[in-house]
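The values are calculated or read from the model by the stated rules, or taken from the named source; none is laboratory data. If you're wondering where the values come from, they're calculated on a predicted model, not measured in any experiment. Because the Cβ atoms are built from the backbone with ideal geometry, glycine has one as well, and the counts that use them run over all protein chains shown.
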Amino acid sequence: MATATDTTTTKGFTHRCPKCGAEDSLRLDLADLRAMTCKECDDELGPDDIRAIIAGWTRVLRWIETAPEVE
Ligand SMILES: [Zn+2]
């Protein structure tokens, strides 16, 4: 019988949960690819959440790469 942690129905990700910080806690239900669920905080993480995180870090990276060096 399949369970929520069955590797044939879910895929785990080793990334840190951006909501609670837990490591290796994100699981994607392969029957429903819209959002990952964190097994620690039970929160959902969808593609839009991931895009927002990437956009935020991209702005930081752009700022770092274009900032003048302080001497
Ligand atoms: Zn979490």
- Task: At least 2 residues that are within 12 Å of the ligand (Cβ to nearest atom), at pLDDT below 90 and among the β-branched types (Val, Ile, Thr) in each: list the strands (runs of 3 or more DSSP E) lying fully within the chain that qualify.
- Result: none
- Message: If I ask for residues that are surrounded by 14 or more Cβ atoms within 10 Å (Cβ to Cβ) and of a type in the set (D, E, K, R), which ones from region 13-47 would you list?
- Response: Arg16, Lys19, Arg27, Asp29, Lys39, Glu40, Asp43
